[in-house]
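We did not get these values from a lab; they are worked out from the coordinates using the rules stated. Small disclaimer: the values here were computed from a predicted structure and weren't measured. Note: ideal-geometry Cβ built from the backbone for every residue, glycine included; neighbour counts use all protein chains shown.
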2 protein chains.
Amino acid sequence: MPPAEKPAAGRTRDAARTRAEILDVATAEFARAGFTGARVDEIAARTRTTKRMIYYYFGSKEQLFTAVLERAYAVIRGAEQDLDVEHLDPVAAIRRLAELTFDHHEAHPDFIRLVSIENIHEAEHIAASEKLSRLNWPAIDVIARILENGRDSGAFTADVDAVNLHAMISSFCFFRVANRPTFAALFGRDLLAAGERERYRAMLGDMVIGYLTGGASSR
Amino acid sequence: MPPAEKPAAGRTRDAARTRAEILDVATAEFARAGFTGARVDEIAARTRTTKRMIYYYFGSKEQLFTAVLERAYAVIRGAEQDLDVEHLDPVAAIRRLAELTFDHHEAHPDFIRLVSIENIHEAEHIAASEKLSRLNWPAIDVIARILENGRDSGAFTADVDAVNLHAMISSFCFFRVANRPTFAALFGRDLLAAGERERYRAMLGDMVIGYLTGGASSR
DNA sequence: TGAATAATGTACGAACTGGTTCGTTATGCA
DNA sequence: TGCATAACGAACCAGTTCGTACATTATTCA
């Protein structure tokens, strides 16, 4: 997506460009059909290069999928990075953060599909990637600090840690995108309908704030 | 699982038994490897019958998967059926219903995987099944009645309908099972750890009740 | 300029996979 | 008892799929 990586090395013989193009196409193909369903020949065909290059750069279908995952995660980590919500009051900060997650999931359905696929495969590619098995904590750290502020000020009463709150927020956002097809087929409701977007967004925020501030009665 | 379907017709030549056995093995295989990843030969091998029988009874891999889905949904619908929570007060009833969903998802990880897989395939098998595209509303109806009671009594303040509340409850339960591998790989936390089970169960209940009863501030 | 090497394309093959053909055996019923 | 038919099995096939061997062209740097 950036205009040009290098000073445009000729036009043919551009390694970085070929590599990136393969990754783009592979992302779409894996998201479309799953790991086993994806066809290497199909990826090659939609590239302006050949299957040979895929193996030249990535070695195997498996490693290609891992590279796709790595890049996809890198993108979202970038987005999570530049949210400065710590100047807001805790309640507003958490709501803002939830909305950011909401927006991001909605904007990147392919990423959600890749994660679903990776879960089917027991996260073995993530486990095999050094890049991915570390660096995922910045988002968690932000939550942790907001949570601490909120507890100090007395606004938050619930007993959660940052990782579990992250799970709660993600679950709603993830479900909405990942389970859209079956939910629509079973209940006739499109969770991604444009007209209902604000409703779900508010629902998420109310849910999280309700949980954090609620007196959680009757148990 | 029932002792015998028919008066045990001989031992060989038992159509119902063969059919059921194929479905059992197919469920496990599809859940393990996804639709495309599942191997018909592998299913046949783990059965005491042959691949020929799979095509004899089900016609195609696709129809077999549909049959697997149909049976899996039938099982959970059965469980949802016999919950009588309408005599409880609305708050307790919703919490009970959420816990039931929680328990059920946890107890049937294969079902969750099948649904994930079906979502990757855009729910095309559900759409193609007459059985599945109807009958899924009993659970929704129960929620709707509880919701009405709660709103009448003033206990519930949130403006949701039954389908969306169902989505909220499901999202948390579903995520916990479906995303366990990636979540563990990225954050080192096992969402299904036995020791934390009660924590998550309470978290879900508090979340839903907090949402329904909370004054949802700051927006 | 002239290698050394990075990048690329073509054609191919071995293994696998969903699905079928052909034939056999048990079973219920007249 | 005998026959129609449901239930079953072994071998096979055509198409596909990941991956590679071999050949070629551009680029870089001494």
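Couplings 3J(HN,Hα) for the range A:42-50, derived from phi with the Karplus relation 6.51 cos²θ - 1.76 cosθ + 1.60 (θ = phi - 60°), are 5, 4, 4, 4, 7, 9, 8, 10, 10 Hz, where x marks Gly and Pro.
Remark: the Cα gyration tensor places the range A:83-188 in the oblate category, a/c being 1.5 or greater and a/b not exceeding b/c.
The distance linking the range A:178-203 with the range A:136-169 is 27 Å (Cα centroid to Cα centroid, whole angstrom). The magnitude of the dipole of chain B, with charges of +1 and -1 set on the Cβ of Lys/Arg and Asp/Glu and taken from the Cα centre, is near 940 debye. Helix A:138-152 and the longest principal axis of the Cα set of chain A meet at an angle near 0°.
What's the angle, to the nearest 10 degrees (0 to 90), between helix A:162-178's Cα axis and the longest principal axis of chain A? Long axis of A:162-178 versus the principal axis of chain A: about 60 degrees.
Based on the Cβ-Cβ distance from B:Val75 to A:Tyr56, what FRET efficiency comes out when R0 is 45 Å, to the nearest 0.05? Given R0 = 45 Å and the Cβ-Cβ separation, E is 0.40. Between B:Arg145 and A:Arg199, the FRET efficiency estimated from the beta carbon spacing at R0 = 25 angstrom works out to 0.70. Take chain A, connect every pair of alpha-carbon atoms lying under 10 Å apart with a spring to form a Gaussian network, then pick out the residue of A:Leu186, A:Leu83, A:Leu132 with the largest mean-square fluctuation. Comparing A:Leu186, A:Leu83, A:Leu132 in a Gaussian network model of chain A, the most mobile one is A:Leu186. A crude spin-label estimate for the pair A:Arg189 and B:Ala15, with each label 7 Å from Cα along the Cβ direction, gives 4.1 nm. Classified by the C-alpha gyration tensor, the range A:68-113 has an oblate form. Its axis ratio a/c, with a ≥ b ≥ c, is 1.5 or above, and a/b does not exceed b/c. In this Cβ point-charge picture (+1 for Lys and Arg, -1 for Asp and Glu), the protein assembly as shown has a dipole of about 1700 debye about its Cα centre.
Sorted ascending by nearby beta carbons within 10 Å, beginning with the fewest, B:Tyr55, A:Tyr200, A:Tyr211 become B:Tyr55, A:Tyr200, A:Tyr211.
Per residue of the protein assembly as shown, the DSSP helices (runs of n ≥ 4 H) give a summed -39500 (n - 2.57) that works out to -22500 deg cm²/dmol at 222 nm. Answer rounded, prolate or oblate for the protein assembly as shown, using the Cα gyration tensor with square roots of eigenvalues a ≥ b ≥ c: rounded when a/c is under 1.5, else prolate when a/b is larger than b/c, else oblate. Oblate shape, in that a/c is at least 1.5 and b/c is the bigger or equal ratio.
Overall, the range B:93-146 carries a charge dipole of about 280 debye about its Cα centre when +1 sits on the Cβ of Lys and Arg and -1 on the Cβ of Asp and Glu, all other atoms neutral. As a rough footprinting exposure proxy, the listed residues A:Phe172, B:Phe58 were ranked by other beta carbons within 10 Å of their own, and the order from fewest upward is B:Phe58, A:Phe172. Since only B:Val85, B:Ala178, B:Ala193 are under comparison, the one whose Cα sits farthest along the positive direction of the charge dipole of the range B:71-213, derived from C-beta charges on Lys, Arg, Asp and Glu, is B:Ala193.
Taking the Cα centre of the protein assembly as shown as the origin and placing charges on Cβ (Lys, Arg +1; Asp, Glu -1), which of B:Thr101, A:Phe58, B:Val75 is farthest toward the positive end of the dipole? Checking the options against the dipole of the protein assembly as shown, the answer is A:Phe58. Seen against the Cα atoms of chain B and their longest principal axis, helix B:109-120 is set at about 90 degrees.
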